[in-house]
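Here is the structure we will look at, set down as structure tokens.
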Amino acid sequence: MRPTLDVTIEHPNGHEIGILSIKLTGPREVERYDRIQVRIRDDKERPPPRTGSNVTVEKQNAQVWGPFRFRHGVDGAREDGRVAEQGGKAVTDRWLFSLDRTTAPEWYGGGDPEWRRTYDGTPLRLRVAISRAGSMPWVELLEVPTAVGGKLMA
């Protein structure tokens, strides 16, 4: 019983913040799902940092490489801004997650202005896992448009 989703990002106050909305639209045969975990995926795979640089693998992996991250401490988001989890919802209900624009890491050449140009208008890449009690989670990999009015049906 694969869930069907309507996934959007709304920007109530411009592009600095966003609200990720994941609405369960079906199947109607399932009344409720018990848990959702959403993970922000990086824009691409990165090679390990150069030897001798001040960048460590841990620092590189801690950076969210994309336009948005989850707002820490809100809507079930972890401190790293990469993962958020919430409890169950019935079909026709929606999960909401607060998003903040990512910022350039300290070692990024060009700083925040270059970072913004790199990620403006790029999709938010997600791994969504939804589960019901007693069953394996259903997983979907998505790319959600981040432009104002962006919408994805999955």
nm² value of the averaged projected area, convex hull over the Cα atoms of the chain: 9.8
Relative contact order computed over the chain (Cα-Cα under 8 Å; 6+ residues apart), in percent: 33
Report the relative contact order of the range 22-92, percent, no decimals, based on alpha-carbon pairs under 8 angstrom and at least 6 residues apart. 49
For the chain, with a Gaussian network of springs between Cα atoms less than 10 Å apart, report the residue from Ala62, Ala133, Ala84 with the top mean-square fluctuation. Ala133
Work out, step by step, the length gained on full extension between Glu85 and Val139: first 0.36 nm times the residue separation, then minus their alpha carbon distance; give nm to one decimal. 18.1 nm
Net lengthening on full extension, Val55/Arg41 (0.36 nm per residue, minus Cα-Cα): 3.0 nm
Just in the range 81-128: which chymotrypsin sites (Phe, Trp or Tyr not before Pro) are loop by DSSP and have at most 16 other Cβ atoms within 10 Å? Trp107, Tyr108
What are the residues whose amide H is under 5 Å from the amide H of Leu5, where those residues sit 5 or more places off or on another chain and H is modelled from the backbone? Thr25, Ala154
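Since every read-out is calculated from the coordinates, none of them should be taken as a lab result. Quantities reported herein were computed from a predicted structural model and do not represent experimental measurements. With ideal geometry, Cβ positions are generated from the backbone for all residues, glycine too; neighbour counts draw on all protein chains shown.
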